[in-house]
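Here is the structure we will look at.
Every number in this text was worked out from the coordinates using simple rules, so none of it is lab data. This is a predicted model, so every value here is computed, not measured. Here Cβ is always computed from backbone atoms with ideal geometry, including for glycine, and neighbour counts include all displayed protein chains.
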């Protein structure tokens, strides 16, 4: 019985990786959203915060409603006041993976139709698939090739 009590005392949130959404006001109406991985017990190799991805400007404007919907479902509501000019919000691992992949994939894109298709495909991904693609994009020698391959897979080849 003593062993079961010790296992029940282990809390997974403290041993899980920690992520943060940082919202930064750039202009009057221009915001920048960035996903950061914070040092935690699960990531001893991190000594300082690591930027996963970021998005701003026109590309963020095209998918901001999707991002805000996902954030509000997770209980995160970034405000638009002067006091929220530079703020951080804690994120779950699942949400951070999806948003990080979405931001990294959409950042260099220009075609609105292709951006919509890529955003739809990334939102439809499961946790494992999003983690695979984000890991490939972060830890490969040529990450732009990985993101290009993902964009090709998620866009319509008939256009």
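Simple spin-label estimate for residue 65 and residue 116 gives 1.1 nm between the two label positions (7 Å along the Cα-to-Cβ direction from each Cα). Annotation: the chain has a Kirkwood hydrodynamic radius of 17.0 angstrom, from the mean reciprocal C-alpha pair distance. Between the helical axis of 112-124 and the longest alpha-carbon principal axis of the chain there is an angle of about 20 degrees. By the helix-only formula, in which each DSSP H run with n ≥ 4 contributes -39500 (n - 2.57) and the sum is divided by residues, the chain has a 222 nm mean residue ellipticity of -15500 deg cm²/dmol.
For the pair residue 94 and residue 26, the difference between a 0.36 nm per residue extended length and the Cα-Cα distance amounts to 21.8 nm. Taking each residue as 0.36 nm, the span from residue 87 to residue 49 lengthens on full extension beyond its C-alpha to C-alpha distance by 12.2 nm. For the chain, find the longest principal axis of its Cα atoms and tell me its angle to the long axis of helix 93-106, 0 to 90°, nearest 10. The angle comes out near 20 degrees. Normalised by 2.2 N^0.38 Å, with N the number of residues, the alpha-carbon radius of gyration of the stretch 80-159 equals 1.22.
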